[in-house]
Amino acid sequence: MPQKEVRFNEMLVKSIDEALTELLGDKGRDSLYQHLAEHYDITREEMPYRLDSLHAAIEQILGEKASKVLDIEIVKYLARQTKVPLPDTRDISLQTYLLKARKLVA
């Protein structure tokens, strides 16, 4: 895997960590990661490669509205790290933003 892609994936995981910590606290984040690993077979390291499964699992666990809030926070953190412009928050789609950011960064 190219080094730029590895770096992008590291930034993505860090952004997910930061967004979850902001919304759930350290213990909540850790509990969610444990739940994802035990019940959905999604580890922290696999998240960049299993975004669709991750998104579906989080939506199932937290609900649609909370999942949307998390998406927005992840995009905000990732935008700070990648310097890829942040879209209007009303129109944020995590998957769409990731495609754009990945092309520009990786």
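The values are calculated or read from the model by the stated rules, or taken from the named source; none is laboratory data. From a predicted model like this one, the values you see are computed outputs, not experimental measurements. With ideal geometry, Cβ positions are generated from the backbone for all residues, glycine too; neighbour counts draw on all protein chains shown.
Right, GLU73: surrounded by 16 or more Cβ atoms within 10 Å (Cβ to Cβ), more than 12 Å from the chain's Cα centre (by Cα) and modelled with pLDDT under 95 or not? No.
So which residues in segment 59-70 are farther than 24 Å from GLU5 by Cα and under 12 Å from the mean Cα position of the chain (by Cα), if there are any at all?
Quick first cut of segment 59-70, residues farther than 24 Å from GLU5 by Cα only: 59-69.
Within segment 59-70, SER67, LYS68, VAL69 qualify.
Exactly one condition in (1) within 14 Å of the chain's Cα centre (by Cα); (2) exposed (fewer than 14 other Cβ atoms within 10 Å of the Cβ) is false for ASP41; which is it? It fails just one condition, (1). Within segment 1-17, the set of residues being surrounded by 13 or more Cβ atoms within 10 Å (Cβ to Cβ) and either closer than 10 Å to MET47 by Cβ or under 15 Å from the mean Cα position of the chain (by Cα) (or both) comprises ARG7, PHE8, ASN9, MET11, LEU12, VAL13, LYS14, SER15, ILE16, ASP17.
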